[in-house]
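What follows is a single structure, written as structure tokens, with notes after it.
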Amino acid sequence: MKIPLYQIDAFTGRVFGGNPAAVCPLDAWLPDLVMQSIALENNLSETAFIVPRDGQYEIRWFTPAVEVDLCGHATLASAFALFTIVEPSRTSVTFVSKSGPLRVSKQDDTLVMDFPSLPPKPCDPPAALLAALNVKPATVLLADNNNYMAVYEREEDVRALDPDMILLSSIGLAHAFICTAPGEQADFVSRFFAPKQGIPEDPVTGSAHSTLTPYWSKRLDRNPLRALQISARGGELFCEDRGDRVGIAGRAALYLEGAIHI
């Protein structure tokens with residue numbers, strides 16, 4: 001069997017930046033074990049699989065270790081692959097996912113995603129979380145998707161983070177960890193750690209901005225917002241609070257086009 005494969009750098013206008021994602025268009029779903037094995041072989045933070053259905057596309061995302069319910073950068077990458085290679089006449093698409101419908105539209109060189117809003121709420125942070133972070137946060141919040149969000153007052157504190165991944169992995173039902181602060185060159189900055197999902201640090205995390213956008217829009221009394229994820233690769237996102245939805249936009253660049261043989 002021969003499966004098309006596109007590797008696309010998301011939330012950047014150039015290759016070698018942003019977050020690389022693999023996109024595999026399929027005619028029909030493969031067995032879960034096969035898709036998980038492909039994701040492990042790709043060894044990227046996410047591999048997206050898309051299948052056409054009634055003018056839309058179903059989408060599923062796999063890290064090297066597990067399937068996840070929501071992923072931003074691989075959704076952006078999937079839309080980029082559709083708009084530029086698979087169906088270049090298209091300028092919009094709705095992906096059917098485990099997190100509901102996700103619409104993506106093309107606006108010049110930018111792709112705009114419509115995602116659910118997942119605002120964080122106050123919580124009592126686990127002791128292991130505070131112990132795992134080498135820089136103490138000002139506060140810790142929790143979103144409904146079990147992402148903890150550690151808020152700092154300075155961008156340099158987020159840059160200085162070097163978390164204990166073993167401790168983070170031990171924290172109960174926690175899915176992942178967002179660390180954020182006001183930005184010096186943007187409205188806010190963030191980093192994202194998901195060791196339980198096989199991703200110690202994700203370069204750029206679109207889905208985290210489902211939580212970051214409503215928080216910072218309210219705190220800064222600003223909408224829309226420009227965000228930077230300050231990982232080693234780095235990425236730029238444009239965010240809009242839409243009430244029960246958020247707009248998350250960015251650019252993408254094709255790095256690799258090939259085929260998987262299994």
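The values are calculated or read from the model by the stated rules, or taken from the named source; none is laboratory data. Not measured: the values here are computed from a predicted model. All Cβ positions, even for glycine, are placed from backbone atoms using ideal geometry, and neighbour counts span all protein chains on display.
Can you tell me which residue among P101, P64, P125, P88 is in the same structural domain as A181 (by TED's automatic domain parsing) and either surrounded by 16 or more Cβ atoms within 10 Å (Cβ to Cβ) or farther than 19 Å from A21 by Cα (or both)?
Details: P101 fails: in the same structural domain as A181 (by TED's automatic domain parsing); P64 fails: in the same structural domain as A181 (by TED's automatic domain parsing); P88 fails: in the same structural domain as A181 (by TED's automatic domain parsing).
Only one candidate qualifies: P125.
Would you be able to say whether some residue in segment 181-190 is modelled with pLDDT of 95 or more and within 15 Å of the chain's Cα centre (by Cα)? Give the derivation first.
In the first step, residues of segment 181-190 are kept if they are modelled with pLDDT of 95 or more; the result is 181-190.
Checking the rest, the ones that are also within 15 Å of the chain's Cα centre (by Cα) come to 189-190.
Yes, there is a match, as at least one residue in segment 181-190 is modelled with pLDDT of 95 or more and within 15 Å of the chain's Cα centre (by Cα).
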Next item on the list: Keeping to segment 133-147, report how many residues are in contact (Cβ under 8 Å) with a residue 12 or more places away in the chain, surrounded by fewer than 21 Cβ atoms within 10 Å (Cβ to Cβ) and part of a loop (DSSP other than H, G, I, E, B).
Entry: 6
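Does R154 satisfy being of a type in the set (K, R), crowded, with 16+ Cβ neighbours inside 10 Å and in contact (Cβ under 8 Å) with a residue 24 or more places away in the chain?
Details: of a type in the set (K, R): yes; crowded, with 16+ Cβ neighbours inside 10 Å: no; in contact (Cβ under 8 Å) with a residue 24 or more places away in the chain: yes.
No; evaluated as a whole, the condition is false for this residue.
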Next item on the list: Assess whether T91 counts as being more than 16 Å from the chain's Cα centre (by Cα) and among the β-branched types (V, I, T).
Entry: yes
Checklist line | Checking L161 against (1) farther than 24 Å from A39 by Cβ; (2) surrounded by fewer than 19 Cβ atoms within 10 Å (Cβ to Cβ), the condition it does not meet | finding: (2)
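Which one of these is part of a loop (DSSP other than H, G, I, E, B) and either under 27 Å from Y215 (Cβ atoms) or free of Cβ contacts under 8 Å to residues at least 24 places away in the same chain (or both): S37, S89? It would help to see each step written out before you state the result.
Values: S37 fails: part of a loop (DSSP other than H, G, I, E, B).
After ruling out the rest, the residue left standing is S89.
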Next item on the list: Please indicate, with yes or no, whether at least one residue in segment 176-183 is in contact with a strand residue (DSSP E or B) (Cβ under 9 Å, 6 or more places away or on another chain), surrounded by fewer than 19 Cβ atoms within 10 Å (Cβ to Cβ) and assigned to a strand (DSSP E or B).
Entry: yes
Check: Would segment 68-83 turn up any residue that is closer than 23 Å to A208 by Cβ, part of a loop (DSSP other than H, G, I, E, B), in contact (Cβ under 8 Å) with a residue 24 or more places away in the chain and in contact with a Phe, Trp or Tyr (Cβ under 6 Å, 6 or more places away or on another chain)?
Finding: yes
Next item on the list: Consider P119 carefully, then state whether it is more than 27 Å from T75 (Cβ to Cβ) and either among the aromatic types (F, W, Y) or in contact with a Pro (Cβ under 9 Å, 6 or more places away or on another chain) (or both).
Entry: no
Margin query: Name the residue that is modelled with the lowest pLDDT, counting only residues in segment 42-89 that are in contact with a Lys or Arg (Cβ under 8 Å, 6 or more places away or on another chain) and of a type in the set (D, E, K, R).
Written below: D69
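This table checks each residue for (1) part of a loop (DSSP other than H, G, I, E, B); (2) under 13 Å from the mean Cα position of the chain (by Cα); (3) of a type in the set (G, A, S); (4) not assigned by TED's automatic domain parsing to the domain that holds P126.
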| residue | (1), (2), (3), (4) |
| --- | --- |
| M149 | no, no, no, no |
| I166 | no, no, no, no |
| A174 | yes, no, yes, no |
| F192 | no, yes, no, no |
| K196 | no, no, no, no |
| T205 | yes, yes, no, no |
| S210 | no, yes, yes, no |
| A232 | yes, no, yes, no |
